[in-house]
Every structure is written in structure tokens, then in C-alpha cells.
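Have a look at the structure that comes next, please.
The values are calculated or read from the model by the stated rules, or taken from the named source; none is laboratory data. Remember, predicted model here, so these are calculated numbers, not experimental data. Glycine gets a Cβ as well: all are built from the backbone with ideal geometry, and neighbour counts include every protein chain shown. Heavy atoms of the whole protein, side chains included, go into the accessibility calculation; ligands, DNA and RNA do not. Shrake-Rupley method; radii C 1.70, N 1.55, O 1.52, S 1.80 Å.
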Amino acid sequence: MKILIKNGTVIIDGCRRIENGAVLVDDQKIVGVYKDYQNIDCDRAIDVQNHYIMPGFIETHTHGDLGFDFNNCQMSDIYKISDALLDEGVTCFMASLTCENHEYMLNLLDEYEKCDVHNLLGVHLEGPFLSQEMPGVMKIESLMLPQIDIFDEYLQHCSKIKSMTIAPELDHALELIQHGHNKGIVMNIGHSNASASQVIEAQSYGAKGITHLYNAMSQHLHRNPGVVTGAFLSDLYCELIVDKFHIHEDVIQATYRAIGKNRIVLICDANPCKGLKDGIYEFSGKEIEIIDGKARIKETGRIAGSTLRLNQACRHMREICGCSMEDVVQMVTVNPAQMYGLNKGKIEVGYDGDIVVVNDQFDVLAVVNDGKIQKMRL
């Protein structure tokens, strides 16, 4: 079915826009981008009433939604997560898995190998090769030193593994980063007590990004520069949780100025309780308490993921940094698409036909995905 999304400001990518433009989607692909769209043949036209037409948002780091945890939910529940994410403009996502014991993880990966949810890009392994000094919400008993044979066993069980978070200062981590990079896996630095120089060295071995910058890592200290300093000095993509809780607003603004829009990747790092009311829940084997939408481990008070929606992250980024709609699209679609080698993230002919319509507050008004109109609030 040919779907014409018209009468809106088309944000093509992080630099370009078309005022009063239109986009034609057919058979899951973008087949036309127009300034003059009066005589375009289509089966269905959506008049977006002067709102913004953007590429679908790409969520590369989330642990679940609506009480469904990627570590233990039924594969059928991932359809429910996928549908819920469409409400925030997310047209594709990665399933981030926290650390488990080896046998459990292999069984879990076997399940993901069989998963056929269209919007699931793949699996992100957040560990187990992480620093015990920077565990965050991870199960410390499941953390281990890097081992290539264990990594390869993961890949043998699941071809959908697309990325891994690893602490580069650990013994044999650099060899594993290079090994993973050579196998086409995006290797990210996180849950790490590395020095800035170790981050730069990891980049030379093939590391591509920083997992949730500032959180669960060594900091930017003037006599002891850590992962954060390395992020500033490197060319790595940097995930950012912009929920006004994980990172102070001044630091978000400083990061935007220092790193720039071309390296920031907006994420939620949502815990599985996102979308539920305040209360006591379980995540990664720990009791967490959510108060006013802020999640903490009840025993320690540590932050335990977010309840952030990705369209909210976009709105916060604009509010805090005063950046343009194009800048936000760069951070929420273009950068993650480039980072993971996806045919997504821009409104250009031949790209996947994932389209979201939003107002200037990033409220989601319509979503076109998989060749169908999935959400409509116009």
C-alpha cells in the first residue's frame, strides 16, 4: 500500500528539512520525498497538519517495558513491548540483557535466536565482562573476566547479538574487543573503571561507543582522568540518558557543547517497570523502588535504570540545550543507524519506511512502520 505523509515539515536528517513537504512509503521503503506533492498517486494520505515528519526513532538500549523484562519474558511478550514503544515513536529497538549465570544466558540466547518480532534489531549484551567496581544494577556474581571462548559460545547460540558492553581495563578485554569488532559486533565501553588512555586504546582495537555516559564508570577528574575523559578525547559514540535524573542538566548541556550532536546517541536505558505506576518491583535480581518515576535499588539507593520514554528524551534535549529539531533527529535516528549499520535513520529514497509524526513537544501523533499505519492521533 502506498502511504503519503504530507503537509508537514520533513526533517530529512540532522542537517536538512523540507517545509510543507511529503514522504511516500510503499512496500516498507521510502519511495519519494517531495516539496510539490499535489499529484502524487497513493492509496492512503495522512495530512499531518503542519507538524513534523521524521525518521522513526531508534532505541538501542532498553531492558523492557510494562513489567516485561527482556531477561525473563516470554518471546510473545516482545510484541507487546514493540507496540508500546511505537507510542513513543520507536520503530526499532535492541533488547538489552543484564548479566546472568552462563547456563541461563545460553538458554536465553536460544530463545532470542527464535524470536521473529519485526522491530527487534537484535540483542545487546550488557556484560558479563564488566568491572566489579562499577556494577550498577548488575548481578556481581555473574560478572567475569573476558574470555573469547565464552563470547563465541554466545554467538553460536544467537546470531541476533549485535552489541556488547565491556570494561576495557580487564585482562584480555582488548583482544576480545578486537575479536568482537572483527565479527561485526558493536563493542561498547561501560561499567568500567578504565583510565582515559585505556578508552583511547580500546577505540584503536575497534570499540565503537560508550554505554550510558557518566553512569557506572570512572569520571572526568583532573588528576585521574577516567572513561568520561576518554569519551571527550575519543571519536566514540556516547549514549546519553536525558531524563533529568541520571545526569544533571548542566552536564547534559556541557556534553552537548563538548561532544556535539554527531556523537550523542539518545537512549532510555529503561528498566522493565517503565509504564507501570510507582511501587516496588524486581530488576536484575534486586528489589527496586520507583517514586515519582525515579527508580532506585531499595537496599542501596543506587539508580536502577529509567522510566523514560524516548520522545521525552528528545523533548528534554531541546529544552536543556536549545538545539534544533534536526539536531535531535541526528541524535535519536541518524547516529544510532550509522553506529549499527542500519538502512534507517534518514528520510531518503531507498531507506526503510519508518516514519514518525510529532508536534514541537515531541508528542507522537502518527507512526508508519512495516508498510502500515501503526498509530494515528491526528
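Is it the case that segment 196-212 has a residue that's farther than 30 Å from E299 by Cα, among the aromatic types (F, W, Y) and open to solvent by less than 50 Å² (accessible area, probe 1.4 Å)? Steps first, answer last, please.
Step one: of segment 196-212, the residues farther than 30 Å from E299 by Cα are 196-209.
From what is left, the residues that are among the aromatic types (F, W, Y) are 205.
From what is left, the residues that are open to solvent by less than 50 Å² (accessible area, probe 1.4 Å) are none.
Checked against the condition, which is being farther than 30 Å from E299 by Cα, among the aromatic types (F, W, Y) and open to solvent by less than 50 Å² (accessible area, probe 1.4 Å), segment 196-212 yields no hits at all.
Pick from I53, I18, I58: which is in a strand (DSSP E or B), modelled with pLDDT of 95 or more and open to solvent by 10 Å² or more (accessible area, probe 1.4 Å)? Talk me through it step by step, then tell me what you get.
On the way: I53 fails: open to solvent by 10 Å² or more (accessible area, probe 1.4 Å); I58 fails: open to solvent by 10 Å² or more (accessible area, probe 1.4 Å).
So the residue among I53, I18, I58 that is in a strand (DSSP E or B), modelled with pLDDT of 95 or more and open to solvent by 10 Å² or more (accessible area, probe 1.4 Å) is I18.
Further question: Which of (1) over 17 Å from E59 (Cβ atoms); (2) in contact with a Ser or Thr (Cβ under 9 Å, 6 or more places away or on another chain); (3) open to solvent by less than 40 Å² (accessible area, probe 1.4 Å) does L276 not meet, given it meets every other one?
For L276, the failing item is (3).
Something else now. Only one of (1) more than 25 Å from K261 (Cβ to Cβ); (2) in a loop (DSSP other than H, G, I, E, B) is not met by E88, so which one is it?
(1)
Within the set of pairs 6+ apart or on separate chains, which have a first residue in segment 326-337 that is of a type outside the set (K, R), a second that is assigned to a helix (DSSP H, G or I) and open to solvent by less than 10 Å² (accessible area, probe 1.4 Å), and C-beta atoms under 7 Å apart?
Listed by first residue and then by second, the contacts come to V328/C314; V328/M317; M331/M317; V332/L310; V332/C314.
Among the residues of segment 156-180, how many are assigned to a helix (DSSP H, G or I) and more than 22 Å from Q203 (Cβ to Cβ)? Write out each step before concluding.
First, pick out the residues of segment 156-180 that are assigned to a helix (DSSP H, G or I): 156-157, 173-180.
Right, trim to more than 22 Å from Q203 (Cβ to Cβ) and you get 156-157.
Within segment 156-180, residues that are assigned to a helix (DSSP H, G or I) and more than 22 Å from Q203 (Cβ to Cβ) number 2.
Out of all the residues in segment 131-152, which are in contact (Cβ under 8 Å) with a residue 60 or more places away in the chain and over 30 Å from S76 (Cβ atoms)?
First, pick out the residues of segment 131-152 that are in contact (Cβ under 8 Å) with a residue 60 or more places away in the chain: 131, 133-139.
Within segment 131-152, S131, E133, M134, P135 meet the criteria.
Same structure, new question: Answer yes if at least one residue in segment 356-375 is on the phi > 0 side of the Ramachandran plot and open to solvent by 50 Å² or more (accessible area, probe 1.4 Å), and no otherwise. Give the derivation first.
Of the residues in segment 356-375, the ones on the phi > 0 side of the Ramachandran plot are 362, 370-371.
Those left that are additionally open to solvent by 50 Å² or more (accessible area, probe 1.4 Å): none.
For segment 356-375, residues on the phi > 0 side of the Ramachandran plot and open to solvent by 50 Å² or more (accessible area, probe 1.4 Å): absent.
In addition: Taking segment 216-243 on its own, how many of its residues are open to solvent by 10 Å² or more (accessible area, probe 1.4 Å), assigned to a loop (DSSP other than H, G, I, E, B) and either out of contact with any Gly (no Cβ under 7 Å at 6 or more places or on another chain) or within 19 Å of E175 (Cβ to Cβ) (or both)?
So the count comes out to 6.
Whether any residue in segment 161-170 is farther than 20 Å from N335 by Cβ and surrounded by fewer than 17 Cβ atoms within 10 Å (Cβ to Cβ) is what I want to check. First the steps, then the outcome.
Kept after step one, since they are farther than 20 Å from N335 by Cβ, are these residues of segment 161-170: 161, 166-170.
Applying the additional criterion that residues be surrounded by fewer than 17 Cβ atoms within 10 Å (Cβ to Cβ) yields none.
So far as segment 161-170 goes, no, none of its residues is farther than 20 Å from N335 by Cβ and surrounded by fewer than 17 Cβ atoms within 10 Å (Cβ to Cβ).
For segment 218-239, what are the residues that are under 13 Å from N335 (Cα atoms) and touching a residue at least 60 places away in the same chain (Cβ under 8 Å)?
Taking segment 218-239 as the starting set, the residues that turn out to be under 13 Å from N335 (Cα atoms) are 235-239.
Correct list: Y237, E239.
Within segment 93-100, is there a residue that is outside any helix (DSSP H, G or I), at pLDDT below 95 and open to solvent by less than 60 Å² (accessible area, probe 1.4 Å)? Before the answer, list the steps.
Of segment 93-100, the ones outside any helix (DSSP H, G or I) are 93-100.
Keeping just the survivors that are at pLDDT below 95 gives none.
So far as segment 93-100 goes, no, none of its residues is outside any helix (DSSP H, G or I), at pLDDT below 95 and open to solvent by less than 60 Å² (accessible area, probe 1.4 Å).
Conditions first: (1) free of Cβ contacts under 8 Å to residues at least 40 places away in the same chain; (2) open to solvent by 50 Å² or more (accessible area, probe 1.4 Å); (3) among the polar types (S, T, N, Q); (4) touching a helix residue (DSSP H, G or I) at 6+ places or on another chain (Cβ under 8 Å). Q253 passes all but one, so which condition is the exception?
Among (1) free of Cβ contacts under 8 Å to residues at least 40 places away in the same chain; (2) open to solvent by 50 Å² or more (accessible area, probe 1.4 Å); (3) among the polar types (S, T, N, Q); (4) touching a helix residue (DSSP H, G or I) at 6+ places or on another chain (Cβ under 8 Å), the lone unmet condition for Q253 is (1).
Scan segment 316-328 residue by residue and report those that are in contact with a Phe, Trp or Tyr (Cβ under 7 Å, 6 or more places away or on another chain) and open to solvent by 50 Å² or more (accessible area, probe 1.4 Å). It would help to see each step written out before you state the result.
To start, the set of residues in segment 316-328 that are in contact with a Phe, Trp or Tyr (Cβ under 7 Å, 6 or more places away or on another chain) comprises 321, 323, 325.
Once the filter is applied, which keeps residues that are in contact with a Phe, Trp or Tyr (Cβ under 7 Å, 6 or more places away or on another chain) and open to solvent by 50 Å² or more (accessible area, probe 1.4 Å), segment 316-328 yields nothing.
Under 6 Å between Cβ atoms, at least 6 apart or on separate chains: pull out the pairs that start in segment 354-367 with a residue that is farther than 14 Å from E319 by Cβ and end on any residue that is open to solvent by less than 10 Å² (accessible area, probe 1.4 Å) and part of a loop (DSSP other than H, G, I, E, B).
Cβ pairs passing all conditions: D354/G56; V356/G56; V356/G89; V357/V48; V364/G89.
Quick one: in segment 292-315, which of the residues that are surrounded by fewer than 22 Cβ atoms within 10 Å (Cβ to Cβ) and at positive phi is farthest from the chain's Cα centre (by Cα)?
Result: G301.
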